[in-house]
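The values are calculated or read from the model by the stated rules, or taken from the named source; none is laboratory data. Everything quoted here is computed from the prediction, not taken from an experiment. No Cβ is skipped: glycine too gets one built from the backbone with ideal geometry, and neighbour counts run over all protein chains shown.
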Amino acid sequence: MMQVPNVPNPYMQPIAQPVQQPSYNAVKIDIINPQAGAQQAQQPQYAQPTMPYYNYPQGQLYDYPQTAQQPYYMPPQMTQAPVYQPQAPVCPPCEVPVQPVTPSVAPAQPVQAEAAAAPQPQVIQQQNVNVPPTVVPAPAVTQEAPVQPVTPAAPTATTAPVEVVPPAPVTPQVDLNGFIAKLTSPDYEVQANAMEEIANMVKDEPQKATELLDEKVINALNNIITADSSKLEGPTQEQIAARQKLMSGEKLTDEENKLANTMTPMEQAERNKSYAMFTESIMQKLYGDEVQKLSNTTVPLTELPGAVTIVDQLKDNPNPMVRASAIEALSYIQQPAYKEDLKTLFTIAQKDQDKNVQDAATAALDKLSKI
């Protein structure tokens, strides 16, 4: 530390005052505020200084050359992770290099900026020794890290993987192809049994029977209705005679009874026409009810599947039994929306040449008037 010479200051000369000699007496000792004498010794009075006590040149405690501020350069962009090379940090005051510590394992993550390359903070010394030096922080060095590919995180124990379950195939409840094969069979009994099964399904399981509302099924029923049975084998004279005896109540032999109850291919085909029209009317009603539930609309009579075919049989079929069956089929689907059309058809049928057809038309009109 710098030695300051003891130079007398002319402003620090004491002012002369009369000095009293203290008299010491043990009786005058104050117990609370003991004093060595009866009166305090007068302290010398000094004039207030107007200049500093010490007049010496102001300077820095340490006068060493200041290094120029290092220039700032943007580090080059790295496309590859830099290899860490430890550098020996330099102590600014003493310029003594410190031995670096070599790491045994290289760091896994790339170093943003090397320690030696980062600019050191600049220390600015103030002229007044009583003020601490101001440290100016070095500019921050930013370096873009290389973009790493994003790997999807593996599912943890808390996050269960979403399992996509494919929808189960819808299994039909009805063997549609099996019904079509029976309806197109050359065996008339097989056809009749299939139509009876359809009628029972619509009655007992209507939701299941909706799978039979297929164009192929309707076409198979229409083919049964419109089939030409005129060239098929009809009843023989013996059969006609046995049936007449049965209708009159006469006693028949076993052979005559069997002959009277045996149906010929022509009669089987005509019977199946009646069955097919009745089966179609059941399915027409099921179709109309489903459309009503889904869209709240009524299907027109002419747009019901197979309705036009039934109307044509009522007008043109030469067999009165088939014409009467057509009236009964149309009467089954009657509702207020079809009332006028059905009334016209039944009124015309009342003028049919066959008594059974007339009676069927009258019964249908009576039923129609009640809705």
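Look at the stretch 341-352: where a residue is touching a residue at least 12 places away in the same chain (Cβ under 8 Å) and a partner is part of a loop (DSSP other than H, G, I, E, B), sitting 6+ places away or on another chain with Cβ atoms under 8 Å, you get LEU342/GLN334. The residue of the stretch 248-279 that is nearest to the chain's Cα centre (by Cα), among those that are hydroxyl-bearing (Ser, Thr, Tyr) and part of a loop (DSSP other than H, G, I, E, B), is THR264. Here SER369 does not qualify as closer than 22 Å to ASN193 by Cβ and either modelled with pLDDT under 95 or small (Gly, Ala, Ser) (or both).
Quick check, is LEU314 without any contact (Cβ under 8 Å) to a residue 24 or more places away in the chain and out of contact with any Phe, Trp or Tyr (no Cβ under 9 Å at 6 or more places or on another chain)?
So LEU314 does not fit the description; no.
Cβ-Cβ contacts under 8 Å between residues 6 or more apart (or on different chains), taken from a first residue in the stretch 215-233 that is loosely packed, with under 13 Cβ neighbours inside 10 Å to a second residue that is among the aliphatic types (A, V, I, L, M), are listed as SER230/MET266; GLU233/MET266. Quick check: anything in the stretch 328-344 over 17 Å from GLY288 (Cβ atoms), exposed (fewer than 14 other Cβ atoms within 10 Å of the Cβ) and β-branched (Val, Ile, Thr)? Checked against the condition, which is being over 17 Å from GLY288 (Cβ atoms), exposed (fewer than 14 other Cβ atoms within 10 Å of the Cβ) and β-branched (Val, Ile, Thr), the stretch 328-344 yields at least one hit. Answer yes or no as to whether ILE282 is under 58 Å from the mean Cα position of the chain (by Cα) and of a type in the set (Val, Ile, Thr). The answer is yes for ILE282.
Looking only at residues that are within 22 Å of GLN284 (Cβ to Cβ) and crowded, with 17+ Cβ neighbours inside 10 Å in the stretch 175-191, which one is farthest from the chain's Cα centre (by Cα)? Across the stretch 175-191, the extreme among qualifying residues is GLN191. Scanning the stretch 249-257 turns up one or more residues that are out of contact with any Pro (no Cβ under 9 Å at 6 or more places or on another chain), acidic (Asp, Glu), crowded, with 17+ Cβ neighbours inside 10 Å and on the phi < 0 side of the Ramachandran plot. The listed residues are LYS208, LYS231, and the only one of them that is at pLDDT 90 or above, basic (Lys, Arg) and not in a helix (DSSP H, G or I) turns out to be LYS231. Scanning the stretch 350-371 for residues that are buried (at least 17 other Cβ atoms within 10 Å of the Cβ) and outside any loop (DSSP other than H, G, I, E, B) yields VAL357, GLN358, ALA360, ALA361, ALA364, LEU365, LEU368. Applying the criterion of at least 2 residues that are under 56 Å from the mean Cα position of the chain (by Cα) and under 20 Å from ILE224 (Cα atoms) to the helices (runs of 4 or more DSSP H) found wholly in the stretch 307-349 leaves 307-316, 320-332. Residue check: is GLU280 under 19 Å from LEU221 (Cβ atoms), among the acidic types (Asp, Glu), touching a helix residue (DSSP H, G or I) at 6+ places or on another chain (Cβ under 8 Å) and surrounded by 21 or more Cβ atoms within 10 Å (Cβ to Cβ)? Yes; evaluated as a whole, the condition is true for this residue.
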